[in-house]
Amino acid sequence: MNLKLCAGKDLSLLLFRPHHSPALFRLVETNRSHLESWLPWIREIRDVESMDRYIRRALTAYSCGREAHFGIWNRGVLAGSVTVERIDIANRVAEIGYWLGRGQTGQGLMTRSVRCVAEYLFRQRKMHRVEIRVDASNHSSRKVALRSGFREEGLLRDAYRSARGVNDVAIYGLLAHEWAETKDGP
């Protein structure tokens, strides 16, 4: 279950393993105030043990072909995560989610990481469609989706509960033939 994707020089994506629990917990804890309003699941992560349970659950889902949770490693340092949160084998559709620690933003890391995971999903997992769903008020995440070659497809009203209340969700999509037309991705 060791899966590594290369997203460019000094940028790699590694499938989370239990030994990553301490580093991932430290990153979440350091960025809790930055992330918690966007990622409600972070409230459940209170110690290394809860992070370990999260990673083990993610590995079980990966072994069943339903999910894939990657750590983003920039120059050997854990910077954030890109997750394939839902893989629908029957319809060949997958959904990507992502986040970065505050100190790692603004460097293009997430755009390269999302493109790398999209390539993995289209080329290796043979997906037909990849989606990104983000809180409509999260303008940074929306820009990542567009820079990664996804098209905005609509707005799901009051579809997401967060620490800020009920929010709209912007949905982005990218189809396999659109990815292939760009040869090596957008």
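Pick out the one residue from 36, 67 that is free of Cβ contacts under 8 Å to residues at least 60 places away in the same chain and on the phi < 0 side of the Ramachandran plot.
Of 36, 67, the one residue that is free of Cβ contacts under 8 Å to residues at least 60 places away in the same chain and on the phi < 0 side of the Ramachandran plot is 67.
Consider region 79-119. How many of its residues are open to solvent by less than 30 Å² (accessible area, probe 1.4 Å) and charged (D, E, K, R)?
Count: 1.
Restrict the check to region 143-155 and report whether at least one residue is surrounded by 18 or more Cβ atoms within 10 Å (Cβ to Cβ), in contact (Cβ under 8 Å) with a residue 12 or more places away in the chain, in a helix (DSSP H, G or I) and polar (S, T, N, Q).
Looking for residues that are surrounded by 18 or more Cβ atoms within 10 Å (Cβ to Cβ), in contact (Cβ under 8 Å) with a residue 12 or more places away in the chain, in a helix (DSSP H, G or I) and polar (S, T, N, Q), one finds none in region 143-155, hence no.
When you look at residue 123, is it open to solvent by 80 Å² or more (accessible area, probe 1.4 Å) and over 17 Å from the mean Cα position of the chain (by Cα), yes or no?
Taking the combined requirement at face value, the residue satisfies it.
Considering region 41-82 alone, what residues qualify as being among the charged types (D, E, K, R) and closer than 22 Å to residue 93 by Cβ?
57, 66, 67
Anything in region 1-12 that is in contact (Cβ under 8 Å) with a residue 12 or more places away in the chain and either out of contact with any Ser or Thr (no Cβ under 6 Å at 6 or more places or on another chain) or small (Gly, Ala, Ser) (or both)? List them, or say none.
1, 2, 3, 5, 7, 8, 10, 11, 12
Hey, among the residues in region 33-47 that are assigned to a helix (DSSP H, G or I) and surrounded by fewer than 15 Cβ atoms within 10 Å (Cβ to Cβ), which one's modelled with the lowest pLDDT?
It comes out as 40.
Mind listing just one residue for me: the one in region 60-78 that is in a helix (DSSP H, G or I) and within 23 Å of residue 110 (Cβ to Cβ) and, of those, most open to solvent (accessible area, probe 1.4 Å)?
62
Tally up the residues in region 120-142 that are in a loop (DSSP other than H, G, I, E, B), under 22 Å from residue 35 (Cβ atoms) and modelled with pLDDT of 95 or more, please.
0
The values are calculated or read from the model by the stated rules, or taken from the named source; none is laboratory data. Fair warning: this is a prediction, and the values are worked out from it, not measured in the lab. Here Cβ is always computed from backbone atoms with ideal geometry, including for glycine, and neighbour counts include all displayed protein chains. Surface accessibility is based on the protein's heavy atoms, side chains included, excluding ligands, DNA and RNA. Shrake-Rupley method; radii C 1.70, N 1.55, O 1.52, S 1.80 Å.
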